[in-house]
Structure formats: C-alpha cells, structure tokens
1. Restricting attention to region 230-247, which residues are open to solvent by less than 50 Å² (accessible area, probe 1.4 Å) and either part of a loop (DSSP other than H, G, I, E, B) or at pLDDT below 90 (or both)?
2. Give me a count of the residues in region 48-67 that are crowded, with 19+ Cβ neighbours inside 10 Å and within 22 Å of His184 (Cα to Cα).
3. Counting just the residues of region 235-287 that are within 22 Å of the chain's Cα centre (by Cα) and without any contact (Cβ under 8 Å) to a residue 40 or more places away in the chain, which one comes out farthest from Phe183 (Cα to Cα)?
4. Do we find a residue being in contact (Cβ under 8 Å) with a residue 12 or more places away in the chain and over 22 Å from the mean Cα position of the chain (by Cα) anywhere in region 183-204?
5. Hey, can you tell me all the residues within region 207-234 that are among the hydrophobic types (A, V, I, L, M, F, W, C) and more than 20 Å from Trp131 (Cα to Cα)?
6. Mind listing whichever residues of region 251-293 are closer than 22 Å to Val188 by Cβ, out of contact with any Lys or Arg (no Cβ under 7 Å at 6 or more places or on another chain) and not charged (D, E, K, R)?
7. Tell me, which strands (runs of 3 or more DSSP E) wholly within region 146-196 include 3 or more residues that are surrounded by fewer than 21 Cβ atoms within 10 Å (Cβ to Cβ), at pLDDT 95 or above and not aliphatic (A, V, I, L, M)?
8. Considering only residues that are crowded, with 21+ Cβ neighbours inside 10 Å, without any contact (Cβ under 8 Å) to a residue 60 or more places away in the chain and aromatic (Phe, Trp, Tyr), which ones fall in region 122-145?
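The values are calculated or read from the model by the stated rules, or taken from the named source; none is laboratory data. All values reported here derive from a predicted model rather than from experimental measurement. Reconstructed Cβ throughout: ideal geometry from the backbone, glycine too, with neighbour counts over all protein chains shown. Surface areas here come from the heavy atoms of the whole protein model, side chains and all, with no ligands, DNA or RNA. Shrake-Rupley method; radii C 1.70, N 1.55, O 1.52, S 1.80 Å.
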Amino acid sequence: MRVSGFSMVRDAVRLNYPVAESIRSILPICDEFVIAVGRSGDGTLERVRAIGDPKVRVLETEWDPAHFVHGAINAVQSNLALDQCTGDWAFYVQADEVIHEDDVPLIRQAMESYLADTRVEGLLFRYLHFWGDFDHYHWTRNWYRKEVRVVRNVPGMRSWKSAQGFRLNGRKVFVRDCGARVFHYGWVRPPEVMKRKQIALDSLHHPKDWVDRRHPQPEQAFDYGPLEHLRRFKGTHPAVMREWIASKAWSAADYRRPGTLHEHNRRSTRALTWIEDNLLRSRIGEYRNYRVLR
C-alpha cells in the first residue's frame, strides 16, 4: 500500500497558518507529500522547504484571480497537487488542519482494511473546530461535523467547489468513517491576524465590492464574541502543535466589543442543535458531500 499526502497553501506566514505542523502531522503515514505553494512573498515557500523531509515535494504555482469567486481557486490548487500523487490513497490536509498522532494507527488500519474493497472511495473524519483559542471548540449545527480527507487515488477524483470535500466523476464518493479526528485551527489566531485571514478568505469567495462592504474597517481586530457558549476542550492537542500553541499568547476577551454575537452564540441555534442531537438524533439539512456505506 502506498499513501500520498497532498495540500495547497499561499500566504501562510502573513495569515498565520500552521502549514509545517499540518504537513508533519501526517508524514509518518505518507510515502510522499505533494503541496502546491502559491506565489506568496512572505516566506511561505521557505517555511515549507524548511521541513527538510525528502518525502515533501513542492509545486510552485500562480493563483489565477479568475478562480477566486466561490473559492474555486482552493479546488484548482488542490487538484494540481492531487494530480501529482502516486499512492493508492491520497490523504488531504489543508494548511490549518492537523492530525493527532494518537489517530494515525486508526487511519492506517482503515486504509489497509479497505484497500481491496473498491466500494470504499474515501475515509470520513470527525472535526474539532477550535475558535478564539486552543481551549474552545464548536458544537452547534452551523459547523460541519465530518468531512472526507482520504480518497482513493483514481481517475476522476476531484477536489470539489471550495475544496471542502471530493467527488468522483461529479458524484458523491462512498465512504467509511475511520474514527480519526481533524484538529481545525482556522479560527485560532491573534485577533489582528484573524481579521486579515477573514478578509483573505472572503476575497476568495466574493467580489471585491462585497468584501469592502463586509469589512468597512479592515484594520479593526476580529471579535470572537463570547466564548462561554462553546465547549471546552479537555483532551490533548497534536504533539506537532506544542511549540505553536506555546508561542501564541492573547486573550479573546480583551478584544470584545459590546453586542458582538456570531451565529453559534444565538439561543435559537443552540436550542435547535440540542433538540437535533438529543431528541431527533439527526441534524436537519446537514451538509454532506459524501455517502456513508452501510
């Protein structure tokens, strides 16, 4: 069995992405790792090359603004890396996603178990979406709970839309849940940097005039809002993140502005999520770009 890891990134230093930690987290399970690094000018390419592992292969790319709307550029760049993968399985991590070392045996076992079962076209992972700091994570219905991060490396497998999931020849892939977690740190940054990242992210999905209206004060620090509605994380973070976490020191509370509420803070969102999870045992209208094999 051969495993290829792959990813894409741009402006990782300026926007504070733990890209090196992300790559290192899955290198133990990979025979190669291919990453498309867009022209950045902030040291991103150097940071990736500094990993210094012969498994890592860099593709230097240009990001075409024509693909920025609706986040299509993310899929375009992901597919450039996917096309260079040579493994039986292709393991995708985005630059703010990290795998815990405790879950590597689960992933490897699932890959080995399903290698000969061609019905299984991908593996499903459970997400921990951290918010504001490294101690709080999302649990409400407005955040996706699972997504596909390992796919069978076959013709027609494509990163889909804004690169959240995959499709095979345009249809949803059939998957098994591998039981592993993705530690998603996309919304954990110093508030000033988080604002830059939010603007950069919005710029990949919307026209410039929309972004300008959305962010009339681009220099204003991001307000994470109250954190008490989130769940407290009581486990351990991936070992590769220890130095990263230790180097970050800020308090989201210091940047609070009166009246700031995000969707997950709303009482209606929390109430409906509780009903779905405890009474209905199902999330109404939950986004699932995959089909779970029974």
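1. Passing the criteria: Leu230, Phe233, Gly235, His237, Pro238.
2. So the answer is 2.
3. Here the answer is Gly285.
4. no
5. Correct list: Trp210, Val211.
6. Listed by number, the residues that qualify are Ser251, Ala252, Ala253, Tyr255, Thr260, Leu261, His262, His264, Asn265.
7. Strands (runs of 3 or more DSSP E) meeting the threshold: 171-187.
8. Phe125
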